[in-house]
Amino acid sequence: MLLFFLLPAFTAHGQDITGKWYGRLEIGPTQLRIHIDLAQNPEGWSVRLQSPDQSQVWVNGLAEVSDDSLKVHVPQWQFNYYGRIASEERIEGTFYQFQHTAPLNLSRVARPQEPRPPFDYGMEEVVFRNEKAGINLAGTLTLPASEDAPYPAVVLVTGSGPQDRDESLAGHKPFWVIADYLTRHGIAVLRYDDRGFAQSEGNFAQSTTFDFTEDAVAGIDYLRTRPEIAPQKIGLAGHSEGGLIAFIAASGQKPNFILSLAGPGVSGKEILARQIADMSRVHHTPEFYVKTQDALIRDALEWMTTLEDSAQRKEKVAELFQGTPLESQTEDWYAQMSSVWMSTFLRTDPAEFFPTVHCPVWAAIGEKDLQVSAKPNLEAIRQGLSHNPKVTIQEYPGLNYLFQTAITGAPEEYAQIEETFNEVVLKDMTDWILAVTAESSDLPE
């Protein structure tokens, strides 16, 4: 991997170019994000450079600004950058290092889709309560600017692992992008920090998918107290585990409609086994090894979900992994599979909840999703909801687990892709929500 960093700094004709700039450097197959922090002081200009795909360390450099141009030199890396200050939002230039030359344009935003003020809608920091758990959950409610209140509304539910209200992941904020898009098109959105994370109360480590479902339902209950929200036009939109939560909540008739974004249609143990195999293949693991590993993992997960005695489970897994490449991972693997959340997730099958889901459903998965494989999961959802005439199922070509346009779908690409959430999917979601909420009489209470 090339060790390069180069960046810009600028101020010209009254333009304020101090602060952070973001760009992407491409040399052959290598792509690196470049972050530059530009500062001006009485002695002149200074710059700090970072390439987060290589290191979180900032490297100090020198900057020169004259008229509409910027020059940057980072002696430690022999990196040079020459840029033209196009505006306070953009710098266009070229990176030089030894024999390497490449275009490098800089922008004020790390991610082009990330919403920036001013906003043409209302935004309110809120706290709502899960009475059963005795905890307060903190979030943000965005309200359309139109006078068409009461509005339809959506509660966004994050995927597995502790997540903030924006579902911040790999430098992206997909829930912030979704909330901004939906709200600008007339749909109110509540997004919140997971229990026990950021500003929300509770114990995340000791919670399961069913606890998180209660939190999502508490969000619906809260929205039904708001006069700006139409009480019979409130849905859940969940990503990954959040999609499973949406199905569980819908089986209890709580939301008026649901959206499952990369949500599972098969059991947790099937999701995990398929995920491990798909990840191995995309990293060019020999097929004979993938199949051998898959058989071991599936047998181990079967023991983990059928044996009640923990000592027996551990013994069976150790026997299974003994003498295989997985032997050295036995302790860590067993500990991870035995966590409160994981043990529940492995045993949970959406098929248990599908028969009592009668509200409108929109389910989508990207074709390149390696974490929740599109075809088996969408087919399971299709079959499980065959009794429900109000189901829309979409597989999006070329999109990954985060609904980004991807090359392979591997998680390493998430941070490298500038797109946060595909706009075709955003539009499809929005159009569907507006269509199903157009007549509240069509929605179940």
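The values are calculated or read from the model by the stated rules, or taken from the named source; none is laboratory data. Everything quoted here is computed from the prediction, not taken from an experiment. Note: ideal-geometry Cβ built from the backbone for every residue, glycine included; neighbour counts use all protein chains shown. Side chains included, ligands, DNA and RNA excluded: accessible areas come from the protein's heavy atoms. Shrake-Rupley method; radii C 1.70, N 1.55, O 1.52, S 1.80 Å.
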Among Ala415, Ala335, Thr430, flag the residue with its Cα farthest along the positive direction of the charge dipole of the stretch 317-445, charges on Cβ as +1 for Lys/Arg and -1 for Asp/Glu.
Thr430
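Name the shape class, rounded, prolate or oblate, that the alpha-carbon gyration tensor gives for the stretch 273-356, where a ≥ b ≥ c are the square roots of its eigenvalues, rounded holds for a/c under 1.5, and otherwise prolate holds if a/b is larger than b/c and oblate otherwise.
Numbers: a/c = 2.22, a/b = 1.19, b/c = 1.88.
Note, shape of the stretch 273-356 comes out oblate.
For the chain, what is the mean residue ellipticity at 222 nm derived from helices alone (per DSSP H run of n ≥ 4: -39500 (n - 2.57); sum divided by total residues; nearest 500 deg cm²/dmol)?
-9000 deg cm²/dmol
At R0 = 25 Å, how high is the FRET efficiency between Leu434 and Asp120 if r is their beta carbon distance? Nearest 0.05 is fine.
Numbers: r = 18 Å, r/R0 = 0.72.
About 0.90, to the nearest 0.05.
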Which of Phe98, Ser87, Ser69 sits farthest toward the positive end of the charge dipole of the stretch 64-144, with +1 on the Cβ of Lys and Arg and -1 on the Cβ of Asp and Glu?
Phe98
Could you pull out the GluC sites (Glu not before Pro) across the stretch 298-335 that fall in loop regions by DSSP (anything but H, G, I, E, B) with no more than 15 other Cβ atoms inside 10 Å?
Glu308
When the dipole is taken about the Cα centre of the chain, and only Lys, Arg (+1) and Asp, Glu (-1) are charged at their Cβ, what size is it in debye, to the nearest 20?
240
Taking a ≥ b ≥ c as the square roots of the Cα gyration tensor eigenvalues, with a/c under 1.5 meaning rounded and otherwise prolate when a/b beats b/c, else oblate, which class fits the stretch 167-311?
prolate
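Asp294 to Glu89: extension gain in nm, 0.36 nm per residue of separation minus the Cα-Cα distance?
Working: separation 205, 0.36 × 205 = 73.80 nm, distance 4.91 nm.
Stretched fully, the Asp294-Glu89 segment lengthens by 68.9 nm.
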Given a 1.4 angstrom probe, I'd like the percentage of the accessible area of the stretch 99-234 that is carbon and sulfur, rounded to a whole number.
50
Taking every DSSP beta bridge with both residues inside the chain, roughly what % is antiparallel (nearest 5)?
75
The helix 287-306 Cα axis meets the longest alpha-carbon principal axis of the chain at an angle in degrees, between 0 and 90 and rounded to 10, of 50
Within the stretch 181-280, which trypsin sites (Lys or Arg not before Pro) sit in a loop by DSSP and count at most 16 neighbouring Cβ atoms inside 10 Å?
Arg224
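Multiply the residue separation of Arg108 and Glu379 by 0.36 nm, subtract the distance between their alpha-carbon atoms, and state the gained length in nm to one decimal. Write out the running numbers ahead of the final one.
Values: separation 271, 0.36 × 271 = 97.56 nm, distance 4.22 nm.
This chain segment gains 93.3 nm when fully extended.
Counting other C-beta atoms within 10 Å, and keeping those with at most 12, which DSSP coil trypsin sites (Lys or Arg not before Pro) do you find in the stretch 93-179? Don't skip to the answer; put the middle values down first.
Details: sites: Arg108, Arg129, Lys132, Arg165; in loops: Arg108, Lys132, Arg165.
Sparse-neighbourhood loop trypsin sites (Lys or Arg not before Pro): Lys132.
Between Lys20 and Glu352, what FRET efficiency comes out of the Förster formula 1/(1 + (r/R0)^6) with R0 = 60 Å and r the beta carbon distance, rounded to 0.05?
Details: r = 48 Å, r/R0 = 0.80.
Between Glu352 and Lys20 the formula returns 0.80.
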Plugging the Cβ-Cβ distance of Phe210 and Val57 into 1/(1 + (r/R0)^6) at R0 = 41 Å yields, to the nearest 0.05, a FRET efficiency of 0.45
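Is the shape of the stretch 190-270 rounded, prolate or oblate, going by the alpha carbon gyration tensor and its root eigenvalues a ≥ b ≥ c, with a/c under 1.5 for rounded and a/b larger than b/c for prolate? It would help to have the intermediate numbers written out before the result.
Working: a/c = 2.13, a/b = 1.19, b/c = 1.79.
Oblate is the answer for the stretch 190-270, as a/c is 1.5 or above yet b/c matches or exceeds a/b.
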Return the label of the correct value of Rg and Dmax of the Cα atoms in Å, as calculated from the structure shown, out of (i) 24.5, 74; (ii) 22.3, 78; (iii) 22.7, 69.
(i)
